[in-house]
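Student: Sharing a structure with you now.
No lab work stands behind these numbers, since they all come straight from the coordinates. Keep in mind that this is a model prediction, so the values were computed, not measured. Cβ placement follows ideal geometry from the backbone for every residue including glycine, while neighbour counts extend to all protein chains displayed.
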Amino acid sequence: GRHATAARDLPAGTLVAVEKPAAAIVRNQSFINLCHHCFNPVTMKSHTRPKLDQNGNEVKGQKEKISLPAFACGKCKMAAYCSEKCQSDHAKEHNVQCDALAQSNRIANAHKVPLEDLRAVLALIGRRAATSDLDADPKFAASTAEAQPTGYGCVLDLNPNRHYIGRDAIKDLQAALKEMLALVPEDARIPLSEAAEVACIFKSNEHPLTVHNQHIMGLYPFSALYFHHSCMPNCVYVCENQGALYVRTLTDVPAESELTITYVELYQPREQRRRDLLLTRHFWCKCRRCSTPLSQSVDRFMDGIQCSECKRGVMIFEETKEVQDINELMTDISALDQEIQGKYAECETCPAKIEVTKLVDLLKAAITDYSNAHVAVQQGDLPKARHLMERFVANYEDKHVLHPSNAYLINTYTSLSRVCSQLGDVDRAIRYTTIVVERTLGADGEAVPENYPRLAEYYMSLGDMCLKQAKKKAANRTPAGRSITRRYLKEAKSSLESAYKARKVIYGDDSQKAAEAQKLMESARKEYDEFIKATEKKPKKKQPTPSTPASVAAPQSSAPAATPTTSA
């Protein structure tokens, strides 16, 4: 099939492709925060209006101030912009969508269809109407200036995976699209069957991206066609200028190697990655990492349960069942239970065995406790969340139930770090983040690739916390206090150097993300150097000895001289 390979040796951080989306939408949660044309932050303007009660009725005599985009479509109220120019530049695309967008919320609710699915189809229809060359072939571009939006014709080359979507869901989608298309100008309208196809294509091939800490969702046909998924990728994609997708090498890539990206979080159990991919991308992963026998793969640690006898090895059970159909995954709940009946998992380091059903029960109990702790986080009860998560660590790590690199433990430590930081216990937050970094790196070095984005953010967070805590503790001049300050400054410098190196690779040397890391790194280096200089012990200067007579310098003793003795 189609794929991209390196024509020569590529060092980490090489920009290999830039693609502007065939269409992109601002996610519902970021709707009024980003420009719907260039995806830069919108300009907000304060307005005064009558205050409304919980039922939406005006409260007599009361006013309230609200912030709304300074530039927005007053007709549909479904498009915001950063400037008058962006609103004007987007007019040709938006005018085709406007009437349908005005009714999109009502239509989505009436037919129980996600609003974003309808907005995505409208975005593609708008782009199609505003583009002259619908069938332009996709081309590699190495800069934003060279990149052009991929043509609508290329969108139709993507796999819709329609057979994975239930019949009832398709019927609801078609009913919603039929009502929506009636609101699109006739000269821009597409057939209902094509609209349904396009909706499925967008759903199966979308790239969720973050820009300015807000969320967009785009369709990038060229990247979807040529950059395949791997659970150990050598490339990364990020969103930058005007919603463009940038693909860079994460690691040094030898010539003739296939260039790959990932669609899922890598530090999680193999079967979880596979199921996530099946549900969102409609394929069962068979990449090299997923195809390697579990006993020889770092994946054995991701949901690893420790041997209760030797306390060192993990229990291995080679799951072989392949799932190709989402319906099978969702409906045949007993399939796994049937497969594991009467089978045993074996310890990798000693002769111990355990029934797989008991192993599964242990893991289910751990997942339940893990979920309960994170429910407390979602409810905002941070003290309770901390208590439950620290109890989870005590029950499952300290008692040697889960392997230290188990993904549920790593995720718990990650959440604990955030919770402790919010509760003001920064020292403990630093400790937990350090554990996450060390174990992510220590899982045979194969759990995530070098310069992995999430690891870069762990480094950034750790360095920032250590630097702030070092400054806070600098007033403690005791030997113990100076030792803690020195340790935090050293860790801040090291972590921020790692964050800066990774961010340059991921986002580019001249990116805002790299500049942010560089600024903090230089601050940490300066603080560290000044601290070392201030605490260095200066050698004492020797006082010059005056020249004096020997009799004065060493006066004779008045004690009687010792009498030499001899022994026979």
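Student: Going by the alpha-carbon gyration tensor, a ≥ b ≥ c the square roots of its eigenvalues, is segment 224-269 rounded (a/c under 1.5) or, if a/c is not under 1.5, prolate (a/b greater than b/c) versus oblate?
Tutor: Verdict is oblate for segment 224-269.
Student: Same structure, new question: Count the net charge of all other residues whose Cβ sits under 9 Å from the Cβ of N161, scoring Lys and Arg as +1 and Asp and Glu as -1.
Tutor: +3
Student: If the cut-off is a Cα-Cα distance under 17 Å, which aspartates and glutamates reach K65, setting aside same-chain residues fewer than 8 apart in sequence?
Tutor: Within the straight-line limit of under 17 Å, K65 reaches these aspartates and glutamates: D53.
Student: In terms of modelled amide H atoms, which long-range or inter-chain residues lie less than 5 Å from the amide H of F283?
Tutor: The answer is L278.
Student: Related question: Going by average Cβ density within 10 Å per residue, which order do the peptides 507-515, 118-126 take, highest to lowest?
Tutor: Packing order, densest peptide first, comes out as 118-126, 507-515.
Student: Show me 479-491, 8-20 ranked by packing, highest mean number of other Cβ atoms within 10 Å first.
Tutor: By packing density, highest mean first, the sequence is 8-20, 479-491.
Student: Identify the GluC sites (Glu not before Pro) of segment 173-268 meeting these criteria: DSSP loop state and at most 10 other C-beta atoms within 10 Å of the C-beta.
Tutor: Counting only loop positions with at most 10 other Cβ atoms within 10 Å, the GluC sites (Glu not before Pro) in segment 173-268 are E256.
Student: Then there is this: Determine Rg/Rh for segment 62-209; Rg is computed over alpha-carbon atoms and Rh is the Kirkwood hydrodynamic estimate from the same atoms.
Tutor: Reported Rg/Rh, Kirkwood definition of Rh: 1.00.
Student: Over the alpha-carbon set of the chain, divide Rg by the Kirkwood Rh and report the Rg/Rh ratio to two decimals.
Tutor: 1.12
Student: Calculate how steeply helix 407-422 sits against the longest principal axis of the alpha-carbon atoms of the chain, using the helix alpha-carbon long axis, and give the answer as 0 to 90 degrees to the nearest 10.
Tutor: Approximately 80 degrees, to the nearest ten.
Student: Kirkwood hydrodynamic radius for segment 449-535: how many Å is it when counted over pairs of different Cα atoms?
Tutor: 13.0 Å
Student: Return one number: the angle in degrees, 0 to 90 and rounded to the nearest 10, between the long axis of the Cα atoms of helix 192-205 and the longest principal axis of the Cα atoms of the chain.
Tutor: 10 degrees
Student: Oh, and also: Hey, which lysines would be in cross-link range of K343, C-alpha to C-alpha under 27 Å, not counting anything within fewer than 8 residues on its own chain?
Tutor: Within the straight-line cut-off, K343 pairs with K286, K311, K321, K353, K358, K364, K399.
Student: A480 to E530: extension gain in nm, 0.36 nm per residue of separation minus the Cα-Cα distance?
Tutor: 16.2 nm
Student: Can you give me the orientation-averaged projected area of the convex hull built on the Cα atoms of segment 398-491, in nm²?
Tutor: 7.0 nm²
Student: Quick check on packing: order 163-174, 299-310 by the mean number of other C-beta atoms within 10 Å, highest mean leading.
Tutor: With the highest mean Cβ count within 10 Å placed first, the list reads 299-310, 163-174.
Student: Here is a follow-up. Treating the angle as unsigned and between 0 and 90°, give the value, to the nearest 10°, between the Cα long axis of helix 167-181 and the longest Cα principal axis of the chain.
Tutor: Result, in degrees: 70.
Student: Can you list the lysines whose alpha carbon is less than 17 Å from that of K63, not counting same-chain residues fewer than 8 positions off?
Tutor: Output for K63: K45, K51.
Student: Segment 23-137: D in µm²/s via Stokes-Einstein (Kirkwood Rh, Cα pairs, 4 °C, 1.567 mPa s)?
Tutor: Approximately 83 µm²/s, per Stokes-Einstein.
Student: As an exercise, take the mean of 1/r over every pair of distinct alpha carbons in segment 177-223, invert it, and state the Kirkwood radius in angstroms.
Tutor: One over the average 1/r among Cα pairs gives 12.5 Å for segment 177-223.
Student: Something else now. Over 5 Å intervals from 0, what percent of Cα-Cα pairs in segment 270-448 sits in each interval?
Tutor: Calculated P(r), rounded to whole percents: 1, 8, 14, 17, 19, 17, 12, 8, 3, 0.
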